[in-house]
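Enquirer: Dropping the structure in here first, questions after.
Laboratory data are not the source of any read-out in this text; all were calculated from the coordinates shown. None of these values were measured; they are calculated from a predicted model. So basically every Cβ, Gly included, is an ideal-geometry build from the backbone, and we count neighbours across all protein chains shown.
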Amino acid sequence: MTIRLRRRTAAAALTALVLLATPVVTAHAVSAPLPTPAASAVALELPRPTGPYAVGADVLHLIDHSRTDPWVPGAGDRELMVSVHYPARPGGGSGPASYMSTEEARLMLAERGLDGIVPATVVSSTSTHARADARAAHGRFPLVLLSPGFGTPRATLTSLAEDLASRGYVVASVDHAYESTGTAFPGGRMLTCAACDVADAAPDEAAERKVLKTVSTGRADDLSFVLDRLTGPRPAWKKSHMIDRRRVAAVGHSIGGSAAASAMLADPRVDAGVNMDGTFFDPIPRSGLGGRPFLLLGTDSFHHPTGGDESWDEGWQRLDDWKRWLTVQGSGHFTFTDIPGLGEQLGLPVDPEAPLSGDRSARITRDYVAAFLDLHLRGREQPLLDGPSPANPEVVVQHP
């Protein structure tokens with residue numbers, strides 16, 4: 001099943017934000033009631049971070065002058081917007097960090113047929129738990145490069161980013177230009193998903209997969225560039241002294257998960273990777289990932305062994321170091337993002353094929369990703385990853 005089909009099914013599945021939590025690998029629509037006008041009065045809030053640190057957040061605009069944008073060459077050099085969440089000292093900062101702009105929210109909703117149904121201001125004003133430009137905590141911390149799904153803004157991974165920062169990680173969440181429904185760039189520019197248009201125009205599945213491989217490998221270049229600009233001799237971030245450049249991971253959702261593996265293949269500085277429910281459009285080679293650990297975390301309905309995504313079966317056989325394949329019962333493709341929790345707060349209907357609650361979605365995603373990172377970037381034993389957990393009965397450890 002291709003990303004294009006998954007995007008289109010998501011757009012048709014439910015006329016509410018909760019549609020993003022559906023198992024979008026199916027090809028039929030699921031009907032649901034429209035949200036009521038009361039949605040306009042709801043104040044959305046992300047789940048609180050669980051770690052001991054306060055959280056700070058900065059936003060960076062980065063330009064890679066060595067590359068032309070692959071989707072809109074006439075735009076010139078490749079540009080990225082990056083949100084950096086980091087361990088902070090309590091208090092201070094210039095105020096709560098923004099979730100996303102109103103126009104970014106409107107475009108995300110419009111892509112899914114929700115413009116005018118769910119107010120964009122309700123989504124854009126989602127309360128976060130980070131303070132903009134907060135004072136950095138003392139110490140040096142591992143770096144996590146975070147890449148969102150195809151056509152999805154980086155903001156939808158904010159809950160995970162904030163939680164990891166509270167646990168002692170610097171997290172750089174990347175919006176890749178022309179690969180989301182809409183990303184605000186300096187100068188009042190709003191860049192929409194030209195890459196989606198290229199994929200949608202592909203004449204057949206083979207051609208589309210070629211486009212999506214380009215997305216994955218291009219994002220790997222983006223992540224390497226972000227790593228350069230955060231840890232190089234003249235860093236773009238004024239708090240770069242916080243980063244321990246010897247401990248780096250790439251984590252992604254959907255095609256961002258494919259990009260995490262692509263980044264490991266392209267850049268030996270990336271020590272570990274996590275793919276959250278994404279097809280490997282850039283296949284893992286027979287030689288593996290150079291003896292580096294990798295976590296597969298996906299839906300039980302589609303990403304169990306021989307379950308529908310052959311790239312996971314093939315990739316699993318080629319992973320050449322520590323590895324785990326975990327699936328989550330009752331989950332949907334967007335379980336690993338902020339979307340289920342936001343949909344619940346809006347009082348929207350839950351898809352019966354993906355009934356996992358927003359709270360459980362966030363807890364499982366945060367705890368298992370953090371456990372993997374703590375084990376491989378900090379050397380801390382993590383029994384959570386060794387087998388079934390009574391506290392997490394939804395999580396299945398697969399043994400292909």
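Enquirer: In whole Hz, with x marking every Gly and Pro, tabulate ³J(HN,Hα) for the range 380-388 from phi via Karplus 6.51 cos²θ - 1.76 cosθ + 1.60, θ = phi - 60°.
Expert: So the Karplus estimates, Gly and Pro as x, are 9, 4, 9, x, 4, 8, 7, x, x Hz.
Enquirer: Amide H neighbours of ALA97 under 5 Å, at least 5 residues apart or on other chains, H built in the peptide plane: list them.
Expert: It is ALA130, ARG131, ALA132, by chain and number.
Enquirer: Next question. Just to be sure I understand: of the beta bridges DSSP finds with both ends in the chain, what percent are antiparallel, rounded to 5?
Expert: Rounded to the nearest five, the antiparallel share is 45 percent.
Enquirer: Quick check on the range 303-384: take the gyration tensor over C-alpha atoms, sort the square-rooted eigenvalues as a ≥ b ≥ c, and tell me if it's rounded (a/c under 1.5), prolate or oblate.
Expert: oblate
Enquirer: Further question on the same structure: Tell me the relative contact order for the range 3-397 as a rounded percent, counting alpha carbon contacts under 8 Å between residues six or more apart.
Expert: 17 percent
Enquirer: List, in order, the whole-Hz ³J(HN,Hα) value for each residue of the range 208-219 obtained from phi through the Karplus relation with A = 6.51, B = -1.76, C = 1.60 and θ = phi - 60°; use x for Gly and Pro.
Expert: Coupling constants for the range 208-219: 5, 4, 5, 4, 6, 5, 4, 4, 5, 6, x, 5 Hz.
Enquirer: Show me, for the range 334-350, the HN-Hα J-couplings you get by feeding each phi into the Karplus relation (A = 6.51, B = -1.76, C = 1.60, θ = phi - 60°), rounded to Hz, glycine and proline as x.
Expert: For the range 334-350, the Karplus-derived couplings read 9, 3, 8, 10, 6, 4, x, x, 5, x, 4, 5, 7, x, 8, x, 8 Hz, x marking Gly and Pro.
Enquirer: Under the rule of -39500 (n - 2.57) per DSSP H run of 4 or more residues, summed and divided by the residues of the chain, what mean residue ellipticity at 222 nm is obtained, to the nearest 500 deg cm²/dmol?
Expert: -9000 deg cm²/dmol
Enquirer: What ranking do LYS238, LYS213 get, fewest neighbouring Cβ atoms within 10 angstrom at the top?
Expert: Neighbour counts put them in this order, fewest first: LYS238, LYS213.
Enquirer: Taking H placed 1.01 Å from N in the peptide plane, check which residues at least 5 places from THR152 or on another chain put their amide H under 5 Å from its amide H.
Expert: Excluding prolines and chain starts, which carry no amide H, the hits are THR181.
Enquirer: Next up: Run the quick spin-label model on ARG189 and SER127: label points 7 Å from Cα toward the beta carbon, then report their separation in nm to one decimal.
Expert: 3.6 nm
Enquirer: Something else now. Assign one of three labels to the range 207-359, namely rounded, prolate or oblate, based on the Cα gyration tensor with a ≥ b ≥ c the square roots of its eigenvalues; rounded applies when a/c is under 1.5, prolate when it is not and a/b is larger than b/c, and oblate otherwise.
Expert: Oblate is the answer for the range 207-359, as a/c is 1.5 or above yet b/c matches or exceeds a/b.
Enquirer: Amide H of ALA54: which non-local residues (sequence gap of 5 or more, or other chain) have their own amide H closer than 5 Å, using H built in the peptide plane?
Expert: ALA88
Enquirer: What is the range 167-284 by shape, rounded, prolate or oblate, if you read a ≥ b ≥ c off the alpha carbon gyration tensor as root eigenvalues and call it rounded for a/c under 1.5, prolate for a/b larger than b/c, and oblate otherwise?
Expert: Taking the square roots of the gyration eigenvalues as a ≥ b ≥ c, the range 167-284 is oblate.
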